[in-house]
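Here's the structure we're looking at; comments come further down.
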Amino acid sequence: RKEVEQDPGPFNVPEGATVAFNCTYSNSASQSFFWYRQDCRKEPKLLMSVYSSGNEDGRFTAQLNRASQYISLLIRDSKLSDSATYLCVAVTGTASKLTFGTGTRLQVTL
Amino acid sequence: EAQVTQNPRYLITVTGKKLTVTCSQNMNHEYMSWYRQDPGLGLRQIYYSMNVEVTDKGDVPEGYKVSRKEKRNFPLILESPSPNQTSLYFCASRSAGTSSYNSPLHFGNGTRLTVT
């Protein structure tokens with residue numbers, strides 16, 4: 001079983017839709033989590049950290065469920081510019097181990 | 001501007017010809033790391049460094065070397081490249097202080113390597 005798993009998608013949604021991705025992690029000792037966005041052939045860029053109480057940044061909401069060992073990303077009012085691959089990351093141990101999921105591809109269409 | 005700079009952006013080489021990909025960061029980060037990204041496999045860590053003169057293997061270190069002589073630089077060396085090292089490579093850095101588990105990775109803009 002992979003340490004961090006994501007549904008690869010693609011998720012095809014119309015503009016304005018709400019879409020949610022989940023990411024499961026297997027190591028219960030994981031301390032912190034992030035969501036990154038990656039456009040085709042470009043470097044991953046930090047979208048948001050994931051806090052235990054959940055956090056929101058504009059149209060984006062991140063949640064952490066430690067009991068079930070998953071994190072989620074909710075995107076409201078999808079824009080064409082949201083089309084990208086979304087990577088989740090789990091941080092474990094003495095901050096040296098960051099494990100990436102393989103990413104979920106989102107395609108927002110007119 | 002805070003950034004991670006890697007060079008070159010594109011590199012085509014032949015099997016066995018030694019090459020170095022440079023990486024430099026200006027954020028005074030202790031932690032630096034190299035990843036390769038291949039379709040369907042995601043980002044896999046090659047080597048990482050927690051500080052100057054401290055390096056460790058990641059998940060796929062075979063065929064690669066690194067060095068960390070200065071805090072800002074973390075070059076990736078392929079002594080004898082092979083076609084299976086054709087990939088997209090990213091360098092990244094982050095703070096490794098006491099609250100470092102909340103510090104995100106900052107990525108360079110990637111090096112696309114083709115080994116023929």
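Read-outs throughout are calculated quantities, based only on the coordinates presented, and are distinct from any laboratory measurement. In this text, all values refer to a predicted model and were calculated from it rather than measured experimentally. Note that we place each Cβ from the backbone using ideal geometry, even for glycine, and neighbour counts take in every protein chain shown.
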Legend entry - Per the protein assembly as shown, cysteines lacking a partner by the 4.7 Å Cβ criterion: A:Cys40
Legend entry - Local electrostatic count at A:Leu110 - Lys and Arg +1, Asp and Glu -1, tallied over other residues with Cβ under 14 Å: -1
Inset, instruction - For the protein assembly as shown, state what percent of all Cα-Cα pairs lands in each successive 10 Å bin, counting from 0 Å until the bin that includes the largest distance. - result: 8, 33, 35, 20, 5, 0
Legend entry - For region A:14-110, convex hull volume per residue from C-alpha positions, Å³: 92 Å³
Inset, instruction - Report ³J(HN,Hα) in whole Hz for each residue of region B:16-27, in order, from the Karplus equation J = 6.51 cos²θ - 1.76 cosθ + 1.60 where θ = phi - 60°; Gly and Pro get x. - result: x, 8, 3, 9, 10, 10, 8, 9, 9, 10, 10, 9
Legend entry - Proximal charge balance of A:Phe100 [Cβ under 12 Å; K/R count +1, D/E count -1]: +1
Inset, instruction - Please report, in debye to the nearest 20, how large the charge dipole of chain A is about its Cα centre when each Lys and Arg carries +1 at its beta carbon and each Asp and Glu carries -1 there. - result: 220 debye
Legend entry - Exercise: per-residue mean of other protein chain Cβ atoms within 10 Å, B:47-60: 1
Inset, instruction - Taking DSSP loops as anything outside H, G, I, E and B, show the longest stretch in chain B free of trypsin sites (Lys or Arg not before Pro) there with at most 13 other beta carbons within 10 Å. - result: B:19-68
Inset, instruction - Using a/c under 1.5 as the rounded threshold, could you call chain B rounded, prolate or oblate? The axes a ≥ b ≥ c are square roots of the C-alpha gyration tensor eigenvalues, and prolate needs a/b larger than b/c, oblate otherwise. - result: prolate
Inset, instruction - Compare B:Pro61, B:Pro104, B:Pro75 in a GNM of chain B, Cα atoms joined below 10 Å, and give the one with the largest fluctuation. - result: B:Pro104
Legend entry - chain B: relative contact order as a whole-number percent, Cα under 8 Å and 6+ apart: 35 percent
Legend entry - P(r) tail fraction, region B:30-72 - alpha-carbon pairs more than 12 Å apart, %: 56 percent
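Place a +1 charge on the Cβ of each Lys and Arg in region B:1-79 and a -1 charge on the Cβ of each Asp and Glu, then give the dipole magnitude about the Cα centre in debye, rounded to the nearest 20.
My answer is approximately 240 debye.
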Inset, instruction - Note down the relative contact order for chain A as a percent, whole number, built from C-alpha pairs under 8 angstrom at least six residues apart. - result: 38 percent
Legend entry - DSSP loop trypsin sites (Lys or Arg not before Pro) with at most 15 other Cβ within 10 Å: longest gap in chain A: A:3-40
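So, counting K/R as plus one and D/E as minus one, what does the shell of residues with Cβ under 14 Å around A:Lys79 add up to?
Working: positive: A:Arg37, A:Arg59, A:Arg76; negative: A:Glu15, A:Asp39, A:Asp77, A:Asp82.
Net charge around A:Lys79: -1.
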Legend entry - Per-residue average of Cβ from other chains inside 10 Å of B:108-116: 1
Legend entry - Pair A:Asn22, B:Glu79: separation of 7 Å Cα→Cβ label points (nm): 4.6 nm
Legend entry - About the Cα centre, charge dipole magnitude for the protein assembly as shown (Lys/Arg +1, Asp/Glu -1 at Cβ), debye: 460 debye
Inset, instruction - Using only Cα atoms, locate the centre of region B:1-76 and the centre of region A:67-83, then give the distance between them in Å, rounded to an integer. - result: 30 Å
